[in-house]
Amino acid sequence: MLILPDGGASSTAFDQDFFRREFKDGDVPRCDLLAEGPVSVVELVLVNGDTLDINAFEEFRRGYIVATVFADPPACDDLYRAYIRYDAVFQVNVRTVLAEGRLGFHKHPPVIEADE
């Protein structure tokens, strides 16, 4: 599945509402759930062309996302925390891969910063 901005009235198609709606249950890959069949992978493609392979969405703040990201996917040896502005996200990929030992999804709801 490929999710692209709709070009609607919002200046940022991938805003907090988008991530709250699409990842409300916190579906993210996890290192201790290695699978032997098809598994889902979440990637964020940024406006500068970089692709981030998401380990976990930790928080959906009003202006940005807090996520842990794999430095060398699909290995779990090197993770880092990224603070990603919503307007830096160009594309969201949720894809299924057939890779032995690839990460699987689990449910872990992220913290959501509410409006004041």
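The values are calculated or read from the model by the stated rules, or taken from the named source; none is laboratory data. Predicted model only: the values in this text are computed from it and were never measured. Using ideal geometry, Cβ is built from the backbone for each residue, glycine included, and neighbour counts are taken over all protein chains shown. The area values use the complete protein model at the heavy-atom level, side chains included, leaving out ligands, DNA and RNA. Shrake-Rupley method; radii C 1.70, N 1.55, O 1.52, S 1.80 Å.
If you go through segment 32-54 one residue at a time, do you hit one that is open to solvent by less than 70 Å² (accessible area, probe 1.4 Å), in contact with a Pro (Cβ under 6 Å, 6 or more places away or on another chain) and at pLDDT 80 or above?
Going through segment 32-54, the residues open to solvent by less than 70 Å² (accessible area, probe 1.4 Å) turn out to be 33, 35, 37, 39-46, 49, 52-54.
After this cut, where a residue has to be in contact with a Pro (Cβ under 6 Å, 6 or more places away or on another chain) as well, the list is 53.
Those left that are additionally at pLDDT 80 or above: 53.
Yes.
Kindly indicate the residue of segment 16-31 that is assigned to a loop (DSSP other than H, G, I, E, B) and either open to solvent by less than 40 Å² (accessible area, probe 1.4 Å) or in contact with a Ser or Thr (Cβ under 9 Å, 6 or more places away or on another chain) (or both) and also modelled with the lowest pLDDT among those meeting that condition.
Of segment 16-31, the ones assigned to a loop (DSSP other than H, G, I, E, B) are 23-27.
After this cut, where a residue has to be either open to solvent by less than 40 Å² (accessible area, probe 1.4 Å) or in contact with a Ser or Thr (Cβ under 9 Å, 6 or more places away or on another chain) (or both) as well, the list is 23, 26-27.
Values: F23: 76, G26: 61, D27: 54.
Step by step, filter segment 16-31, then rank; the result is D27.
Please work out which residue is modelled with the highest pLDDT, limiting yourself to segment 63-116 and to residues that are within 12 Å of Q16 (Cβ to Cβ) and either open to solvent by 100 Å² or more (accessible area, probe 1.4 Å) or of a type in the set (D, E) (or both).
Once the filter is applied, the top-ranked residue is R85.
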